[in-house]
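Worksheet for the structure shown next.
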Amino acid sequence: QVQLVESGGGLVQAGGSLRLSCAASGRTDSINYMAWFRQAPGKEREFVARTSWSGSSTYYADSVKGRYTISRDNAKNTVYLQMNSLKPEDTAVYHCAARSSMKYGYTVTSVKDYDYWGQGTQVTVSS
């Protein structure tokens, strides 16, 4: 079992920056990939970014490429999402997700292909 706790959300003006953190605990050795998703009011949860738990594989949604950076600190069992040049349309609840290393072959952007989820942290971008 893996537990994920997000932090770092808040209110920021358009053009500003925030860094989100996702602290993992439990059986972190079972994690293969870590990802960020977001969900705005009235919309489905959408993929934002993904990184391998080890290695250097990263993948981003087109909407955030060049503005967001996903990174990790395995010693701290923490994944980060650096968000720059924020726009009002970035406003959403941001969730951290983990995929188990016991599973093989998945769609990187699919909510259903991740096994563990945090409770989310609110990001609000004002114009």
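Computed from backbone phi with θ = phi - 60° and the Karplus coefficients 6.51, -1.76 and 1.60, the 3J(HN,Hα) list for the range 97-108 is 9, 10, 10, 5, 6, 7, 10, 10, x, 7, 9, 4 Hz; x is used for glycine and proline. With 0.36 nm allotted per residue and the present C-alpha distance subtracted, the Asn74-Ser110 stretch has 10.6 nm of extension available. In the full protein context, the chain carries 51 Å² of accessible surface per residue, based on a 1.4 Å probe and ignoring ligands, DNA and RNA. Residue separation of Ser54 and Asp29 scaled by 0.36 nm, minus their Cα-Cα distance, works out to 8.0 nm of gained length. Scalar couplings 3J(HN,Hα) for the range 66-80, obtained by applying the Karplus form with A = 6.51, B = -1.76, C = 1.60 to θ = phi - 60°, are x, 10, 10, 9, 9, 8, 8, 9, 5, 4, 9, 6, 10, 10, 10 Hz; x denotes Gly and Pro. Amide H contacts under 5 Å for Ser100: Asn32, Asp115, restricted to partners 5 or more places along the chain or on a different chain, H placed in the peptide plane at 1.01 Å from N. Here the calculated FRET efficiency for Gln1 and Ser63, from their Cβ-Cβ distance with R0 = 30 Å, stands at 0.40, rounded to the nearest 0.05. Normalised size of the range 55-106, defined as Cα radius of gyration per 2.2 N^0.38 Å with N residues, equals 1.32. Taking 25 Å as the straight-line reach from the Cα of Lys43, the lysines in range (excluding those fewer than 8 positions away in the same chain) are Lys65, Lys87, Lys112.
How big is the gap, in Å, between the Cα center of the range 7-37 and the Cα center of the range 92-127? Using only Cα atoms to place each centre, the spacing works out to 9 Å.
The spread of Cα positions in the chain, taken along each principal axis and listed from longest to shortest, comes to 43, 27, 25 Å. Here the Karplus curve 6.51 cos²θ - 1.76 cosθ + 1.60, taken at θ = phi - 60°, turns the phi angles of the range 31-37 into couplings of 7, 9, 10, 10, 9, 10, 10 Hz, with x standing for Gly and Pro. Backbone amide hydrogens, once placed in the peptide plane, bring Gly16 within less than 5 Å of Leu86, excluding anything fewer than 5 places away on its chain.
Amide H contacts of Thr91 (H built 1.01 Å from N, in plane; Pro and chain starts excluded): Val125 sit under 5 Å, all sequence-distant by 5 or more or on other chains. Probe radius 1.4 Å, ligands and nucleic acids ignored: give me the carbon and sulfur share of the accessible area of the range 6-127 as a rounded percent. Carbon-and-sulfur percentage of accessible area, whole number: 46.
The values are calculated or read from the model by the stated rules, or taken from the named source; none is laboratory data. Given the structure is predicted, the values throughout are model-derived calculations rather than measurements. Reconstructed Cβ throughout: ideal geometry from the backbone, glycine too, with neighbour counts over all protein chains shown. These accessible areas exclude ligands, DNA and RNA; they are computed on the full protein's heavy atoms, side chains included. Shrake-Rupley method; radii C 1.70, N 1.55, O 1.52, S 1.80 Å.
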